[in-house]
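The values are calculated or read from the model by the stated rules, or taken from the named source; none is laboratory data. Not measured: the values here are computed from a predicted model. Every residue, glycine as well, gets a Cβ built from its backbone with ideal geometry; the counts of neighbours run over all protein chains shown.
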Amino acid sequence: MRTEIATLGEFGLIKHLTEGIKLENESSKYGVGDDAAVLSYPADKQVLVTTDLLMEGVHFDLTYTPLKHLGYKAAVVNFSDIYAMNGTPKQITVSLALSKRFSVEDMDEFYAGLRLACQQYKVDIVGGDTTSSLTGFAISITCIGESDKDKVVYRNGAKDTDLICVSGDLGAAYMGLQLLEREKAVFKGEQDAQPDFSGKEYLLERQLKPEARKDIIEKLATANIVPTSMMDISDGLSSELLHICTQSKAGCRVYEEHIPIDYQTAVMAEEFNMNLTTCAMNGGEDYELLFTVPIADHEKISEMEGVRLIGHITKPELGCALITRDGQEFELKAQGWNPLQENK
Ligand SMILES: [Mg+2]
């Protein structure tokens, strides 16, 4: 079944996609249906706003990304940025540009993923726009969230001797992407080739259906820990560490042996003949949290499940370095995933 978008028209499409949306949050006063949404935040809150633009062929590849997964991921990566400020996401607006290749059913799939993510993270869809594009699919999502006035965490607060922590594990989303790209190449060569993903489900999930670390933000609040700096890992650990250190005017030491890596990531790196630490340090799209805490929180943070201590902040003149298993020091470089630097 394929319904052309033209049969509904722009307003018809928006109405169709946003049908039945109920606003769940106190701060969402009015959503889709007027010239603007109306939000109301209490005076003791700080309002956070983040936005993200995703282009087909640059940020995602529809030959192996189901539209429902894409909808889910497009929402979650924005929630992740709000959590990275120690906040809670509350509303999103969704703007889409579509070529004639896409049908109403395709957009139903995309919105099903988007709405599932919003339901799971308790976020309201309060507006958006759709328009036509000459070629491909473009997605722009803006997310609005809140934080207690004195609890917002920036990138610039890391201090000498603070402990550096990361949640979850690193490099899996990057290995998932490598795997999908390899199967795509195989598929192009042989018509009847079936992709072989058995035993690699975790890597695919990390690439196609990432989650934002709402749970870690809640655990930190329960433990009464306010990080001195924080950001989410979207471009790779090296690159994000350099952001924190530059903005905090500090240096750092991180230890190779403490970088959390899943078993499947290690197996896949071996299969691809790639350096595992390089994948974990520079692979993007993990959406884990990187944060620093005062050394006084050492005991509390080492007991926290799902969080690993990977190093410490130093004085700026010591620079930023990775200490390998055999004790060598390597200066950190930002080789993070940056589509603007790719020669495509
Ligand atoms: Mg971020």
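Some notes on this structure:
- From the list GLU305, GLU288, the one residue that fits, being under 30 Å from LYS73 (Cα atoms) and surrounded by 21 or more Cβ atoms within 10 Å (Cβ to Cβ), is GLU288.
- Complete set of residues in region 228-250 that are more than 16 Å from the ligand (Cβ to nearest atom) and touching an Asp or Glu at 6+ places or on another chain (Cβ under 7 Å): THR228, ALA250
- Looking only at region 156-172, and only at residues there that are out of contact with any Gly (no Cβ under 6 Å at 6 or more places or on another chain) and surrounded by 24 or more Cβ atoms within 10 Å (Cβ to Cβ), the one that is nearest to SER234 (Cα to Cα): LEU170
Conditions tested, residue by residue: (1) among the polar types (S, T, N, Q); (2) within 16 Å of the ligand (Cβ to nearest atom); (3) under 30 Å from THR292 (Cα atoms).
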position	(1), (2), (3)
PHE60	no, no, no
VAL77	no, yes, yes
LYS100	no, no, no
SER103	yes, no, no
PHE110	no, no, no
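- The strands (runs of 3 or more DSSP E) falling completely within region 75-148 that include 2 or more residues that are out of contact with any Leu (no Cβ under 8 Å at 6 or more places or on another chain) map to 88-98, 138-148.
- Note on region 207-227: among residues that are part of a loop (DSSP other than H, G, I, E, B) and surrounded by fewer than 21 Cβ atoms within 10 Å (Cβ to Cβ), the one that is farthest from the ligand (Cβ to nearest atom) is ASN224.
- The residues in region 250-272 that are touching a Pro at 6+ places or on another chain (Cβ under 8 Å) and assigned to a loop (DSSP other than H, G, I, E, B) can be counted, and the count is 1.
- Residues in region 174-203 that are surrounded by fewer than 24 Cβ atoms within 10 Å (Cβ to Cβ) and either under 15 Å from the mean Cα position of the chain (by Cα) or not in a helix (DSSP H, G or I) (or both): LEU177, GLU190, GLN191, ASP192, ALA193, GLN194, PRO195, ASP196, PHE197, SER198, GLY199, LYS200.
Per-residue answers, yes or no, for (1) modelled with pLDDT of 95 or more; (2) among the small types (Gly, Ala, Ser); (3) assigned by the TED database to the domain that holds LEU177; (4) surrounded by 16 or more Cβ atoms within 10 Å (Cβ to Cβ):
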{"site": "GLU19", "(1), (2), (3), (4)": "no, no, no, no"}
{"site": "ASN25", "(1), (2), (3), (4)": "yes, no, no, yes"}
{"site": "GLY33", "(1), (2), (3), (4)": "no, yes, no, no"}
{"site": "SER40", "(1), (2), (3), (4)": "yes, yes, no, no"}
{"site": "ASP52", "(1), (2), (3), (4)": "yes, no, no, yes"}
{"site": "GLU56", "(1), (2), (3), (4)": "yes, no, no, yes"}
{"site": "LEU62", "(1), (2), (3), (4)": "yes, no, no, no"}
{"site": "GLY71", "(1), (2), (3), (4)": "yes, yes, no, yes"}
{"site": "ILE82", "(1), (2), (3), (4)": "yes, no, no, yes"}
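- Inter-residue pairs, beta-carbon under 9 Å, first within 15 Å of SER99 (Cα to Cα) and in region 1-12, second small (Gly, Ala, Ser), 6+ apart: ARG2/SER103; THR3/SER103; GLU4/SER103; ILE5/GLY12; ILE5/SER103; ILE5/SER132; GLU10/SER132
- Among the conditions (1) small (Gly, Ala, Ser); (2) modelled with pLDDT under 95; (3) in the same structural domain as LYS214 (by the TED database), the only one that ALA334 does not satisfy is (3).
- Condition met for MET1 (surrounded by fewer than 17 Cβ atoms within 10 Å (Cβ to Cβ), assigned to a strand (DSSP E or B) and aliphatic (A, V, I, L, M)): no
- Scan of region 71-90 for residues that are within 12 Å of the chain's Cα centre (by Cα) and of a type outside the set (Phe, Trp, Tyr), ordered by number: LYS73, ALA74, ALA75, VAL76, VAL77, ASN78, SER80, ASP81, ILE82, ALA84
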